[in-house]
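Visitor: This is the structure I want to talk about, given as structure tokens.
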Amino acid sequence: MAENAAVSDGNAEADPEAPPRLGNKKRLIIAAVSLLLLVAAGVAAYLLLGKPHAAKAALAAAAEKDTPETFVDVPPMVINLRSTDGAARLIKLHLMLVPATAEQGPAVTARLPLIIDHFQPFLRELRPEDLAGSAAVFRIKEELLIRANDVTGTGTVKDILIQDLLQQ
């Protein structure tokens, strides 16, 4: 009966058939996982907050990029379209040119009559079908951008903004 008393007391070391205690192994695993999470959090904090000079450089670059752009207004143009049925078809087009830099704005403005002169032959060859869909507007912008840069020099005009495009 003494053996039964030893087992009933909860003393597992006295009983060789009792399963081993897992409490120490569980504590060790929990401690290892906690340490790993703590190290990962420290690395993440260093990567996010540890480089203030890079953040300052990024803010300076963003401020430099936010400088106001110069726009050159092209007067509205009314252009006859080519039509197969002989009916009079017109488009009214109002554009703005965006120079690559603010310093190039006056140069683009000075060459505006030549730019418009280079736009005219392309626009007069358009057919009403050429203006269908959003892809047509993209193609027109690209063609006009090529012609504007032919007159002013490659890279002088960086974009064409279409303000109005009405077809009648």
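Visitor: Modelled label-to-label distance, Leu35 and Leu161, 7 Å Cα→beta-carbon offset: nm?
Guide: 6.1 nm
Visitor: Oh, and also: Starting from 0.36 nm per residue, how many nanometres of slack lie between Ala88 and Ala45 once their C-alpha separation is accounted for?
Guide: Working: separation 43, 0.36 × 43 = 15.48 nm, distance 6.79 nm.
Full extension from Ala88 to Ala45 adds 8.7 nm.
Visitor: I've got another one for you. Students often check this: by mean Cβ neighbours within 10 Å, which of 43-49, 146-152 ranks highest, and how do the rest follow?
Guide: Values: 43-49: 9.9, 146-152: 19.3.
Averaged packing, sorted descending, gives the order 146-152, 43-49.
Visitor: Could you compute the net charge surrounding Leu93? Neighbours are other residues with a C-beta less than 12 Å from the C-beta of Leu93; K and R count +1, D and E count -1. If you can, show how the numbers build up before the last one.
Guide: Numbers: positive: Lys92, Arg124, Lys141; negative: Asp164.
Net charge around Leu93: +2.
Visitor: Next question. May I ask you to order 32-40, 85-93, 103-111 by the average number of other C-beta atoms within 10 Å around their residues, highest value first?
Guide: Numbers: 32-40: 10.0, 85-93: 12.2, 103-111: 15.4.
Ranking the peptides 32-40, 85-93, 103-111 by packing returns 103-111, 85-93, 32-40.
Where a number appears in this text, it was derived from the coordinates with a stated rule and is not lab data. On a predicted model such as this, the values are computed, not experimentally measured, just so you know. Please note: Cβ atoms are built from the backbone with ideal geometry, for glycine as well, and neighbour counts cover all protein chains shown.
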